[in-house]
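Q: Just passing along the structure, written as structure tokens.
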Amino acid sequence: MSATFEPEVVAFCCRHCAYAAADLAGSARQAYPTAVKVIELPCTGRIDIINLLHAFENGADGVLIAGCLEGKCHYLKGNLHARQRVRHVQKLMDDIGLEHERARMINISAAMGVQFAQLAGEHVETVRKLGPSPLRPKPRSGEAA
Ligand code: FES
């Protein structure tokens, strides 16, 4: 593993909570790694297994799924369905030899900007220790790795 490895983590964030928490973290100057690329969703219940697998296929080293606190989903059970899908993806990852720790789900409220920054940073560190995803597209000849 390269000493300069900078992981890429895609964070699928619910608009009602995690996206707002990420925004709050930014405005409160609670830094989280630039490796975290935030994608806003109407609800984590919108996330599908194929979205998570595509993130890895497209070069992510890790994914973070961030939804509302349990019992607080604006669509009632979206975050519970998302958790089931994340567990399913983690099993698929184990089956293909990709460390399931690369996928993590968290539940936070819009007021938890500090916690968002902390949990996102923790996940980046976990992924950094695992190294680059073996599913990362290989650079074409002539391109820098
Ligand atoms: Fe936030 Fe469903 S509305 S997870």
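What follows draws every value from the coordinates through simple rules; no lab data is involved. Just so we're clear, the structure is a prediction, and the values are computed from it rather than from any experiment. Note that we place each Cβ from the backbone using ideal geometry, even for glycine, and neighbour counts take in every protein chain shown.
Q: Every residue in region 25-45 that is over 12 Å from the mean Cα position of the chain (by Cα) and buried (at least 18 other Cβ atoms within 10 Å of the Cβ), please.
A: Hits for region 25-45 are ALA25, GLN30, TYR32, LEU41, CYS43, GLY45.
Q: What pairs come out if I take residues in region 52-79 that are free of Cβ contacts under 8 Å to residues at least 40 places away in the same chain and pair them with residues that are more than 15 Å from the ligand (Cβ to nearest atom) and part of a helix (DSSP H, G or I) whose C-beta lies under 9 Å away, six or more apart or interchain?
A: Here the result reads LEU53/VAL89; LEU53/LEU92; LEU53/MET93, each pair linking region 52-79 to a residue that is more than 15 Å from the ligand (Cβ to nearest atom) and part of a helix (DSSP H, G or I).
Q: Same structure again: Return the total of residues in region 89-118 being touching a Leu at 6+ places or on another chain (Cβ under 8 Å) and assigned to a helix (DSSP H, G or I).
A: Count: 6.
Q: Being under 30 Å from PRO139 (Cα atoms) and within 14 Å of the chain's Cα centre (by Cα): is that true of LEU92 here?
A: no
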